[in-house]
Structure formats: C-alpha cells, structure tokens
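What follows is one structure encoded as structure tokens, with my remarks underneath.
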C-alpha cells in the first residue's frame, strides 16, 4: 500500500514538472543567435556590435511578417575587445501556431526503369562483341 502512495507522489511530481512550459512564448522572437552568427567574423568588438545591431534592425519590421511591436536590441564589446555580446529579441508578435505535417512519398517508377535501361545499354555492345567473336 505504501509503495502505491510513493508511486502516486512521483507521478504527480513528474506531471507537474512536464506541465510547466513557461520557457517558450509564442509571441516572442529571439534573433540573438542569428545576428550573432551574422556578426561573428567582425575583427573587433565595435564592428561586431555595429553589425549585430544592423542585423537586429533589419530583422525588425512591425508592419510585415510577424508584426512584432517591441524590440530589445543591445550590444556591448567584450573585455578583450575582440568580440561582443548582444541581445536581439522582439516581443508582442503575431502568435506562432505549431503544426505537425507528415508526408510520405514513393520513389518514382521511372528511376528504376531508367537504371535498368542504362545497364542494358552499357552491356548490349559488350554482349554483341562477345557473340561476334565466338
């Protein structure tokens, strides 16, 4: 009887842990990684931040696409001056709707026919030559 109670408590903790999905907000777009990749080859921190901010500004368009209304964009050079650290997030956007689509396709029949034809076309002259020699 006690083991059932323990299992029930463990199950409740597991369900509550998986039920908390506050990490993802469908109205926020985080472009930090994208703009960091775009600016990664900058020769110093100042140019890195300039490219990072330019990238973030070019991704923000409140009238088209996701129609995000607020932008959080900041960048500062690292202490060594070689790179920078930036944040580029948009909020109050059109909500993302997640969908799952499964498609299956079969290989076209003509591919296998084409392979057989090519093999025959290559072997036919060889077979004719062998038959002529005999």
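The values are calculated or read from the model by the stated rules, or taken from the named source; none is laboratory data. Treat the numbers as computed from the prediction; the structure is a model and nothing was measured. Cβ coordinates were reconstructed from backbone atoms using ideal geometry, including for glycine residues, and neighbour counts include every protein chain displayed.
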Practice problem: Return only the number of the condition from (1) within 26 Å of residue 98 (Cα to Cα); (2) at pLDDT below 95; (3) buried (at least 16 other Cβ atoms within 10 Å of the Cβ) that residue 35 does not satisfy. | Solution: (2)
Quiz item: So, in segment 38-58, of the ones that are in contact with a helix residue (DSSP H, G or I) (Cβ under 7 Å, 6 or more places away or on another chain) and in a helix (DSSP H, G or I), which residue ends up surrounded by the most Cβ atoms within 10 Å (Cβ to Cβ)?
Solution: 52
Exercise. Would you be able to say whether some residue in segment 11-29 is at pLDDT 90 or above, surrounded by 17 or more Cβ atoms within 10 Å (Cβ to Cβ), in contact with a helix residue (DSSP H, G or I) (Cβ under 9 Å, 6 or more places away or on another chain) and part of a loop (DSSP other than H, G, I, E, B)?
Key: no
Quiz item: Pairs under 7 Å by beta carbon, first residue at positive phi and surrounded by 13 or more Cβ atoms within 10 Å (Cβ to Cβ) in segment 72-100, partner assigned to a loop (DSSP other than H, G, I, E, B) and modelled with pLDDT under 95, six or more apart or different chains?
Solution: 92/27; 92/68; 92/69
